[in-house]
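The values are calculated or read from the model by the stated rules, or taken from the named source; none is laboratory data. Everything numeric in this text was worked out from a predicted model, so none of it was measured. All Cβ positions, glycine included, derive from the backbone under ideal geometry; neighbour counts span all protein chains shown. For accessibility, only protein heavy atoms count, side chains too; no ligands or nucleic acids. Shrake-Rupley method; radii C 1.70, N 1.55, O 1.52, S 1.80 Å.
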Amino acid sequence: MLVKTYCAAVNGLEVTTVYCEVSMTRGMQFHLTGLADTAVRESYDRIKAAMTNNGFKVPQMEITVNLAPADIKKEGSGYDLPLAIGILASDNKVSADRLNQYMMVGELGLDGRLQPIRGALPIAIRARKEKFKGLIVPQQNIREAAVVNQLEVYGMDSLMDVVSFFNGNTSYEPTVIDTRREFYEQQNNYELDFSDVRGQESVKRALEVAAAGGHNLIMIGPPGSGKSMLAKRLPSILPPLSLAESLETTQIHSVAGKLTRDTSLISQRPFRAPHHTISQVALVGGGNNPQPGEISLAHNGVLFLDEMPELSRSVLEVLRQPLEDRVITISRAKYSIQYPASFMLIASMNPCPCGYYGDPLHHCVCTPGQIQRYMNKISGPLLDRIDIHCEIQAVPFAQLSQMQPGEPSANIRERVIAARKIQEERFKPFKGIHSNAMMSERMLHEFAEPDAASLDMLRMAMEKLKLSARAYSRILKVARTIADLAGSDKVEAMHIAEAIGYRNLDRGDWAERGV
């Protein structure tokens, strides 16, 4: 008897519907075709144990299974459930009447219990697109899959539950989640707030500008000056995620298996802070079984690189292309996958190996050569792609103990949101452009053209600091954001002057002076 069940293959963020064709004839062998990896080929052993432990007799027949389309690679253990149901239906243990109405995914334990799989959300989106009536997933994946409306989503605990569902022995209700209510309720629940930070007003201003325009930023200062503390509070002043952004971000985390059982939609912008020992593959993605890297997990959010010069040079250099293109294409011999990677890069570093170069309270023990080599770990092309360079000093205890709490994040966020709304209106005719940091060169001439006085100031800065053409563009983008925060239609001299002040590391004498 020939039976068809339906599941899905996830490659990157692309999902393909897979038909599990099961045929039984006289014999004693098991054949699996369809470009399956080791985990899929091992599924029959798990299926046999699960069937035996749930009271089913394993068919003593020749079983041929084809996973179509056969030219797409099938990876992972999510094919266990549709294969098991297909085998049971071919043996007349499961009614095949409704199998064509449902897509199903799930890994089987030896006791027949369903284990969670990766990519439940994009699979649910594909099931709705293919007009399936419903989707069956393990109970642990139910909240992320049930985000998709106009699709009946059932969370099952075991193989027996699925058998009872198709045989009509037990009535099950699809899971319904009020996605929008949960999404908006959780948007403003931040544990960290800028009111905890005392002093550092210039750095807070730089972070506000960065948040308002989506700009990359690097902070340089001695240990204990508050670099990490400030960076971790940046998400609290970023504009809230839209539902479209949230869905896109949640899909990436779903494919990577990073969603917890209680998560439906990610409601706050991601903040990823990988350790400086991270490898290239872990940062950009890939591997034998391709997975999103940290830059994709930070999509629509923040990637924080603490102690940036401590990362290997090769790891840092792979950031150059995604910082410009906002996508990462991973090409290998067997596959080519593209992941979104539109993130804000926030980095921090010490001014020298010992950390105290230019610190008035500590003596630096590094030689000029050591300082220069330390700074050179960050290449010029990478530094050009960082819009804002911000110097930071530790706040003395005498001042720290007397200062009042800082401005709360909610107040700063209001100004950031107002500036972003101006940018949304400005870039409505341009697809995929949402902030000043994304502007092309043509847009700069249209929206950030400086007046004559500002142009003279910019020319002097370019000549004195020996800035590159890319740094020139970054200054104009930051100046446009500063103007938006001020509610100005035009980019004026004071906006250009502040933007030039955020290019400290471009100064040729930086490593030869006190900070």
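Just the protein heavy atoms count here, and of the accessible area of the chain at 1.4 Å, carbon and sulfur take up 49 percent.
Set the Förster radius R0 to 56 Å, insert the Cβ-Cβ distance between Asn149 and Ala497 as r into 1/(1 + (r/R0)^6), and round the FRET efficiency to 0.05.
Efficiency for this residue pair is about 0.65.
With an a/c value of 1.5 or above and a/b not larger than b/c for the gyration tensor axes a ≥ b ≥ c computed over the alpha-carbon atoms, segment 338-410 is described as oblate. Helix 80-90 and the longest principal axis of the C-alpha atoms of the chain enclose an angle of approximately 20°.
Mind giving me the FRET efficiency for Arg442 and Ser331? R0 is 30 Å, r the Cβ-Cβ distance, nearest 0.05 is fine.
0.55
Remark: the Asn376-Gln338 segment gains 10.6 nm on full extension, using 0.36 nm per residue and subtracting the alpha carbon distance.
Across every direction, the projection of the convex hull enclosing the Cα atoms of segment 294-349 has a mean area of 4.0 nm².
Counting Lys and Arg as +1 and Asp and Glu as -1, each charge on the Cβ, what is the dipole of the chain about the Cα centre in debye, to the nearest 20?
Working: 57 positive and 58 negative charges, 137 e Å.
That gives a dipole near 660 debye.
A simple spin-label model places the labels of Ser312 and Val176 5.3 nm from each other, with each point 7 Å out along Cα-to-Cβ. Rolling a 1.4 Å probe over the heavy atoms of the protein chains gives segment 338-431 an accessible area of 51 Å² per residue. Taken along the Cα-to-beta-carbon direction at a fixed 7 Å, the label points for Glu425 and Glu324 span 3.4 nm. Sparsely packed loop sites in segment 144-196 (the GluC sites (Glu not before Pro) outside DSSP H, G, I, E and B with at most 12 other Cβ atoms within 10 Å) comprise Glu191.
Using per-residue counts of other Cβ atoms within 10 Å, averaged over each peptide, order 376-386, 123-133, 20-30, 361-371 from highest down.
123-133, 376-386, 20-30, 361-371
Compared with the dominant principal axis of the Cα atoms in the chain, helix 243-255 is inclined by about 60°. Between the helical axis of 120-129 and the dominant principal axis of the chain, each derived from Cα atoms, what acute angle in degrees is found, rounded to the nearest 10? On a 0 to 90 degree scale, this one is about 70.
Past 22 Å, Cα to Cα: identify those pairs from Lys73/Lys133; Lys334/Lys431; Lys48/Lys74; Lys131/Lys258; Lys133/Lys258, in the order given.
Pairs exceeding 22 Å: Lys73/Lys133; Lys334/Lys431; Lys131/Lys258; Lys133/Lys258.
If a spin label sat at a point 7 angstrom from the Cα of Glu185 along the line to its beta carbon, the backbone N atoms of segment 264-291 nearer than 13 Å would be those of 264-265. If the label point is 7 Å along Cα→Cβ of Ser23, which residues in segment 60-79 have backbone nitrogen under 12 Å from it? Once the point is set 7 Å along Cα→Cβ of Ser23, 63-67 turn out to lie under 12 Å by backbone N, inside segment 60-79. Model label points for Lys73 and Ser488, set 7 angstrom from Cα along the Cα-to-Cβ axis, are 5.3 nm apart. Bridges between two residues of the chain, per DSSP, are antiparallel at a rate of about 50%.
Using R0 = 51 Å, the C-beta based FRET efficiency linking Lys4 and Ala453 works out to 0.10. Over the chain, all Cα pairs binned in 20 Å intervals from 0 give whole-percent P(r) values of 21, 44, 25, 10, 0, listed from short to long. Fully extending the segment from Asp45 to Gln101 would add 17.4 nm, taking 0.36 nm per residue of separation and subtracting the current Cα-Cα distance. Centre-to-centre separation between the Cα atoms of segment 232-261 and those of segment 303-352: 18 Å.
As a length-normalised measure over Cα pairs under 8 Å and 6 or more apart, the relative contact order of the chain settles at 13 percent.
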